[in-house]
1. Arrange R26, R118 by Cβ neighbour counts within 10 Å, fewest through most, would you?
2. Please list the non-local residues whose amide H lies under 5 Å from the amide H of R118, H modeled 1.01 Å from N, same-chain partners needing a gap of 5 or more.
3. Taking each pair of different alpha-carbon atoms in the stretch 3-289 once, compute 1/r for the pair, average those values, and report the inverse of that mean as the Kirkwood hydrodynamic radius in Å to one decimal.
4. Which residue fluctuates most in the GNM of the chain (Cα springs below 10 Å): T252, T107, T148?
5. If I model a spin label at T90 and L139 as a point 7 Å from the Cα along the Cα→Cβ vector, what separation in nanometres do I get?
6. Using a Gaussian network model of the chain with C-alpha springs under 10 Å, which one of V134, V241, V166 is most mobile by mean-square fluctuation?
7. Within the chain, how many Lys pairs sit with Cα atoms under 16 Å apart, leaving out pairs fewer than 8 places apart on the same chain?
8. Would you mind giving the three semi-axes, in whole Å and largest first, of the ellipsoid equivalent to the stretch 34-171 according to its Cα gyration tensor?
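Values in this text are rule-based calculations from the coordinates and carry no lab data. Every value quoted in this text rests on a predicted model; they were computed, and no experiment measured them. With ideal geometry, Cβ positions are generated from the backbone for all residues, glycine too; neighbour counts draw on all protein chains shown.
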Amino acid sequence: MTDENTGFTLGTLAVALFSLTLPTTRFIIDHFDPVFIGLGRAVIAAIIAAGLLFFSSANWPDKRQFYQLIITAAGVVIGFPVFSAWAMQTLPAFHGGIMLALLPLATAIVGVFIAHERPSVGYWLAALGGCGLVLGFALLKGSGSFQTGDFALLAAIISAAVGYAVGGKLSREMSGWRVICWSLVIALPFILIPALLTMPDKLKSVPWSAWGGFLYLALFSQLFGFFLWNKGLALGGIAHVSQTQLLQPFFTLAFSSLLLAEKIDRISILFAVLVVTVVFIGKRMPVFQHKA
């Protein structure tokens, strides 16, 4: 198996894990403050990450890597978790899952500037086609206008795109798991106090099912999923592997129906099929590299 195919496989597995993020967030949103969901999960993940780095005797990042880790942390440790949790207060999880199909295009755009990748014209046409479908879906579901939750999701998408691109590039010189671990540890001093301040007043009043969902977000959405994702981006290239995010609508539709009993209409399924189709088109389009 080539590096590109291996990266694509790892990216798909990571997306399968990430696709549970919005349904799980929606499932627990009534029991936690959105800021606690976004930052509290990162605190748990950061504590585990610190232990992994310590016991593996990981080398400290140099100055340049440290700055890149700060950007990665701002995007995937702080920005995406908080903005997506806010969005889940008002939007169905399957709606968010289809909106997040904008991520490949956003990540590819950032990758052009960060990782010096040059996607072909065919790639951009496929990505823009997927983008148009997603925006059309959002407008259709919003009765001709964007909802407040859509703007929160757009902020989450921009945050994730920057974090993915910078973290993916850094994973070419550092192990992918170390990139997310260091990002979490660096963010910990800044997220600990807000997480504590927004913690539920009565912890025992929160059902175990909600804590279970919160733990999933901490372990898989915020930590272990990134082990696969960063490695996949490093092996297969940011533009190509980011296209696997277009598979997320299918996964999220299924999990939303099973976990939340959300009713998925035919229009949503149609848009999901159309959006996901471009992942196969985009994967076939060449992406070139050039030196900085």
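1. The order, fewest Cβ neighbours first, is R118, R26.
2. Counting only residues 5 or more places away or on other chains, the set is F288, Q289, H290.
3. With all distinct Cα pairs of the stretch 3-289 included, I get 18.7 Å.
4. T148
5. For T90 paired with L139, the spin-label model returns 1.9 nm.
6. So, out of V134, V241, V166, the one fluctuating most is V134.
7. 4
8. Working: eigenvalues 175, 94, 18 Å².
In descending order, the three semi-axes are 30, 22, 10 Å.
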